[in-house]
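Trainee: What follows is a structure written as structure tokens; I'll ask about it next.
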Amino acid sequence: MNNTNLKAGMLALYALTILSLLVNIPGGSVLQTIMLVILIAHVGEVVACQKQIRLHKGPLIDSIALTLLFGFVHWKPLADQAARDANA
């Protein structure tokens with residue numbers, strides 16, 4: 001699965017979670033709990049992966065926001081590219 005599909009999946013989960021806050025859907029509370037855990041994990045990534053997050057070519061706040069949304073799917077390719085560049 002490529003990064004685009006993973007990001008689209010995360011956005012779909014966020015949208016479904018927001019929908020579950022507005023209307024009663026089966027399993028909505030479980031989904032909300034799961035997404036809260038994921039969001040907490042992404043906050044932890046922002047704290048623990050500052051070096052990788054700062055590799056983003058744009059503003060730091062953009063990279064932080066993308067990490068909060070997508071976690072390692074955002075910062076891991078940046079770190080991998082930096083490692084490839086260092087070995088070249």
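Every read-out reported here was derived from the displayed coordinates using simple, explicitly stated rules and does not represent laboratory data. Being a predicted model, the structure only gives us computed values, none of them experimental. Every residue, glycine among them, receives a Cβ derived from its backbone with ideal geometry; neighbour counts consider all protein chains shown.
Trainee: Summing +1 for each Lys or Arg and -1 for each Asp or Glu, what net charge is found among the other residues whose Cβ lies under 10 Å from the Cβ of residue 52? Show your work: numbers first, answer last.
Mentor: Numbers: positive: 51, 54, 76; negative: 45, 80.
That sum, taken over residues with Cβ under 10 Å, equals +1.
Trainee: Report the label-to-label distance for residue 51 and residue 84 in nanometres (one decimal), using points 7 Å from each Cα along the Cα→Cβ vector.
Mentor: Placing both labels 7 Å along Cα→Cβ, they lie 2.0 nm apart.
Trainee: Let's see if you can work this out: charge +1 on each Lys and Arg Cβ, -1 on each Asp and Glu Cβ, no other charges. What is the dipole magnitude of the chain about its Cα centre, in debye to the nearest 20?
Mentor: Charge dipole of the chain: 120 debye, to the nearest 20.
Trainee: Next question. List the aspartates and glutamates whose Cα lies under 20 Å from the Cα of residue 7, skipping any in the same chain that are fewer than 8 positions away.
Mentor: Qualifying aspartates and glutamates at Cα under 20 Å: 45, 62, 80.
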